[in-house]
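> Please read through the structure below; I'll follow up with questions.
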Amino acid sequence: MNIVTKGELIELENTTLKRSLGLWAIVMLGLGYMTPTIVFDTFGIVSKETNGVVPLAYLAALVVMLFTAISYGKMVQVFPSAGSAYTYTRETMSPHLGFIVGWAALLDYILLPMVNALIIRIYMVSVFPDVPAWIWVVGYVAAVTAINAWSMGKTSSLNSLLVIFEVVLIAAFIVLAFLQLSKGMGQGTIFTTEPIFHSNVHLGAILTGATVVCFSFIGFDAVTMYAEEAIDHKIMPKAIMLTVFIGGAIFFICSYFAQALFPDVSGFKVTDDTLPEIGLFVGGTIFKLIFLSGAFAATVASGLASHASVSRLLYVMGRNGVLPKKAFGYVHPKYRTPVFNVILVGVVSLLAIAPSLELISSFINFGALIAFTFVNLSVIAHFVFRLKKYKTPKDIFSYLIMPILGAGLTGILWYNLQADALFGGIVWIVIGVVYMVFQTKFFKIKIADLNIDDAEKTSSL
């Protein structure tokens, strides 16, 4: 029988995440999370929604994301914790409200790994239609779960290699697009305003499209989940902005060429995921297979990053005691990863065997928009109401006007959210509220506070 000494027990209980990530490692994780090739997967869906101006939808979403990214940059300096919007809201407003925001954010964070598994299923079935779809889902989920449980450093390194590979293939797509446009395909010209504006463009359609593509930007906010694993937390604001700008530029350029090549979606057999057919039409069967391999790499990279992020959100909520602490707040003493959370996310990802991409992405947007809204409001709560930073024009602009604009623009996307996403999201929130009521014994006890929790750990040493 093994005997654990008091010192070993304290060390086990206070095992923390390992600080091993530099600036570009975090940016690469953000870009991997965003999955640049997702622009080709959702192109058919967004093109139908926007009447053929997908790049304009990405521009609209990028503007909203920039305001919100600035707010994330401010808050991650104040609270360099892995909890992201959940931590910012609970620390600046209310632990109860923070829980609801964290619960809502879980909806998009925990579903994104499932989206990656779903996309892998679509890719592999398009190449091997006779193989049962569930085999690909199970194999992919098992591999990603094992890597995440093993090491964050290994996850980061593999993610970076996969992101570089997909960027190279995106460059190849652009070159082939140049050639096809010069030969008369699609618009028949490289430089055209049709992908951005034409007579059938309507603001409502653009905003609806923007609500769809905003989930493509989920990644810039997710990098805040790595704050406790950054070599220096001061690099986080820069990492956030670099992720937004680089990702946004890739989305816009790729969607521009795709829209110029395919002014409408009438030529696609499957509009739910147009990437395989885009590769076929632009470069033939061989390029389709190569393009699929790049998209496969991109999806695996996103799967690694998104799996890691949601595991850490669950870890922080478990560490704070709002989820069962022994399981969700556990860090493996050898691997320094939240291994139980990693496995749980893997189990949830197995549900990708059945649903459609459009359905799952719509639910993701609900949680993302709640997180974006409350991060902007957290800036106002912390800097204006708590620190009283409203005495100079610079402070008013930075800590009041900017986050109000960010929250307001996010609200516009809220207004254009699909009905099924709104309904499903509300049901999820109701479940969270019921859980919180029982967790607090009908609000007779407080939800554990992060600072108190950490103080108790320190005093026990």
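> Using the reciprocal of the averaged 1/r over all distinct C-alpha pairs, how large is the Kirkwood radius of region 107-253 in Å?
Values: mean 1/r = 0.0531 Å⁻¹.
18.8 Å is the Kirkwood radius here.
> Evaluated at 25 °C with a viscosity of 0.890 mPa s, what Stokes-Einstein diffusion coefficient in µm²/s does the chain have when Rh comes from the Kirkwood expression over alpha-carbon pairs?
Translational diffusion coefficient: 109 µm²/s.
> Shifting gears a bit: Over the chain, with the other protein chains present, what is the accessible area per residue in square angstrom, probe 1.4 angstrom?
40 Å²
> Specify the angular offset, from 0 to 90 degrees and rounded to the nearest 10, of the alpha carbon long axis of helix 450-459 from the longest principal axis of the alpha carbons in the chain.
50 degrees
> Can you give the translational diffusion coefficient of region 67-186 in µm²/s, computed by Stokes-Einstein from the Kirkwood radius over Cα pairs at 37 °C and 0.692 mPa s?
This corresponds to a translational diffusion coefficient of 179 µm²/s.
> Percent relative contact order of the chain, based on C-alpha pairs within less than 8 angstrom and at least six residues apart?
The value is 33 percent.
> Please compute the alpha carbon radius of gyration of region 171-320, then divide it by the globular-protein estimate 2.2 N^0.38 Å. Two decimals is fine.
Output field value: 1.26.
> Also, quick follow-up: Among 43-54, 389-400, how do they line up by average Cβ neighbours within 10 Å per residue, starting with the highest?
Listed from highest to lowest mean packing, they are 43-54, 389-400.
> Moving to a separate point now. Would you grab the residues whose amide H sits under 5 Å from the one on LYS389? Only those 5+ places off in sequence or on another chain, please, with H modelled 1.01 Å from N.
Under 5 Å from the amide H of LYS389: VAL384.
> Going by a ≥ b ≥ c, the root eigenvalues of the Cα gyration tensor, does region 345-440 fall in the rounded group (a/c under 1.5), the prolate group (a/b larger than b/c) or the oblate group?
prolate
> Report the accessible area of LEU97, computed with a 1.4 Å probe over the heavy atoms of all protein chains in place, in Å² rounded to the nearest 10.
60 Å²
> I would also like to ask the following. When a/c reaches 1.5 or more, the comparison of a/b and b/c decides; with that in mind, is region 181-222 rounded, prolate or oblate per its Cα gyration tensor?
Verdict is oblate for region 181-222.
> Starting from the residue with the highest accessible area, list MET75, MET124 in decreasing order, probe 1.4 Å.
Descending accessible area places them as MET124, MET75.
> Plugging the Kirkwood radius over Cα pairs into Stokes-Einstein for region 141-212, at a temperature of 4 °C and a viscosity of 1.567 mPa s, what D comes out in µm²/s?
Rounded to a whole number, D works out at 80 µm²/s.
> Kindly write out, for region 320-331 in residue order, the coupling ³J(HN,Hα) from the Karplus curve 6.51 cos²θ - 1.76 cosθ + 1.60 (θ = phi - 60°), rounded to whole Hz, with x marking Gly and Pro.
Each residue's phi maps through the Karplus curve to give 7, x, 7, 10, x, 5, 4, 8, 6, x, 8, 10 Hz.
> May I pose another question? On C-alpha positions alone, give me the angle between the axis of helix 152-182 and the longest principal axis of the chain, in degrees, nearest 10.
Rounded to the nearest ten degrees, it is 20.
> Still on this structure, I have one more. Once ligands and nucleic acids are excluded and a 1.4 Å probe is used, how much of THR193 is accessible, expressed in Å² to the nearest 10?
Accessible area of THR193: about 100 Å².
> Which shape class applies to region 301-356: rounded if a/c is under 1.5, otherwise prolate when a/b exceeds b/c and oblate if not, where a ≥ b ≥ c are the square roots of the Cα gyration tensor eigenvalues?
prolate
> Leaving ligands, DNA and RNA out of it, report the carbon-plus-sulfur percent of the accessible area of the chain at a 1.4 Å probe.
Within the chain, the accessible surface is 71 percent carbon and sulfur.
> For the Cα atoms of the chain, what angle does the longest principal axis make with the long axis of helix 133-150, in degrees from 0 to 90, nearest 10?
Approximately 40 degrees, to the nearest ten.
> Going from most exposed to least, what order do THR271, THR89 have by accessible area with a 1.4 Å probe?
Reading off the accessible areas and sorting them downward yields THR271, THR89.
> Oh, and also: Which of the pairs LYS388/LYS444; LYS74/LYS388; LYS48/LYS238; LYS48/LYS288; LYS334/LYS441 have their Cα atoms more than 26 Å apart in this structure?
LYS388/LYS444; LYS48/LYS238; LYS334/LYS441
> On alpha-carbon atoms, Rg over Rh for region 276-334 using Kirkwood Rh?
Working: Rg = 19.2 Å, Rh = 14.0 Å.
With Rg and the Kirkwood Rh in hand, the quotient comes to 1.38.
The values are calculated or read from the model by the stated rules, or taken from the named source; none is laboratory data. Values in this document were obtained by computation on a predicted structure and should not be read as measured data. Methodologically, a virtual Cβ is constructed for each residue, glycine included, from the backbone with ideal geometry; neighbour enumeration extends over all protein chains shown. For accessibility, only protein heavy atoms count, side chains too; no ligands or nucleic acids. Shrake-Rupley method; radii C 1.70, N 1.55, O 1.52, S 1.80 Å.
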